[in-house]
Amino acid sequence: MQLKIRKELIYLAVAMLAVLALSVLNINTYAGTSFNQNVSTSATINTFVETSLNASTVAFGSVDPGVVNDVGDSLRITNTRNSNAAIDIFLNATNLSSGATQINNTNISVSTTSVGTIQTNFTQSVLGAYTYINGTGANAGFVEGLAADTTFDMFFFLDTPVGQASGAYTGGMTVRSVPDGTVP
């Protein structure tokens with residue numbers, strides 16, 4: 001009889017340990033029923049801007065000294081369909097140089113029309129500063145609020161100073177796209 005009671009106590013102890021283990025491991029057991037538990041989901045989608053230019057060079061060709069509004073190449077910027085935000089476009093240009101001789105970047109202008117009826121000149125950068133033609137503040141871009149999957153054409157002009165030395169002049173230009181309303 002004593003052996004039978006011990007056996008039953010052992011079975012009881014094993015069963016209690018199993019229940020305890022299941023509760024510690026947080027395992028839910030259900031006999032013949034189903035279980036549903038709702039959980040929340042979340043995601044944060046980042047602002048994404050993707051732009052492309054139709055060219056890598058703005059060339060003014062061969063120009064005589066003293067020519068005003070020499071028409072250069074145009075650039076078409078596209079805010080691609082992959083973007084999920086409208087963009088502002090900021091422009092900056094360096095001086096054009098041929099050896100030690102330069103044409104100041106303020107002699108370069110950009111317009112929204114090919115005839116250049118309304119032009120905006122580039123501004124002279126202060127040494128060590130990065131200056132865009134309309135400033136560096138939010139909503140100060142040359143182009144504002146260009147929607148995704150749309151394009152914009154920019155036309156460039158060069159004023160060559162009288163007496164400018166001959167030579168092959170090169171420089172650089174930055175076209176920076178940022179989400180609408182943000183600083184470059």
Complete set of residues in the range 45-54 that are touching a residue at least 60 places away in the same chain (Cβ under 8 Å), over 10 Å from ALA148 (Cα atoms) and not in a strand (DSSP E or B): THR47
Pick from the range 151-170, criterion in contact with a strand residue (DSSP E or B) (Cβ under 6 Å, 6 or more places away or on another chain) and surrounded by 15 or more Cβ atoms within 10 Å (Cβ to Cβ), ranking: farthest from ASP64 (Cα to Cα): PHE152
Filter result (surrounded by 18 or more Cβ atoms within 10 Å (Cβ to Cβ) and either among the basic types (Lys, Arg) or within 17 Å of the chain's Cα centre (by Cα) (or both)) within the range 52-77: ILE77
Qualifying residue in the range 55-65 (condition: aliphatic (A, V, I, L, M), in a loop (DSSP other than H, G, I, E, B), without any contact (Cβ under 8 Å) to a residue 40 or more places away in the chain and more than 24 Å from ALA147 (Cα to Cα)): yes
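Which one is surrounded by the fewest Cβ atoms within 10 Å (Cβ to Cβ) among residues in the range 171-184 that are in contact with a Gly (Cβ under 9 Å, 6 or more places away or on another chain) and not small (Gly, Ala, Ser)?
So the residue we want is VAL183.
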Only listed residue being among the hydroxyl-bearing types (Ser, Thr, Tyr) and modelled with pLDDT under 75, chosen from THR33, THR29, THR47: THR29
Inter-residue pairs, beta-carbon under 6 Å, first more than 16 Å from THR174 (Cα to Cα) and at pLDDT 85 or above and in the range 130-152, second in a strand (DSSP E or B) and among the polar types (S, T, N, Q), 6+ apart: LEU146/ASN79; ALA148/ASN79; THR150/ASN79; THR151/THR78
Residue selected from the range 78-96 under the condition among the β-branched types (Val, Ile, Thr) and surrounded by fewer than 20 Cβ atoms within 10 Å (Cβ to Cβ), by the criterion nearest to THR136 (Cα to Cα): THR94
All positions within the range 71-103 that are of a type in the set (Asp, Glu) and within 16 Å of THR113 (Cβ to Cβ): ASP73
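The values are calculated or read from the model by the stated rules, or taken from the named source; none is laboratory data. This is a predicted model, so every value here is computed, not measured. Quick reminder, even Gly has a Cβ in these numbers, built from the backbone with ideal geometry, and neighbours come from all protein chains shown.
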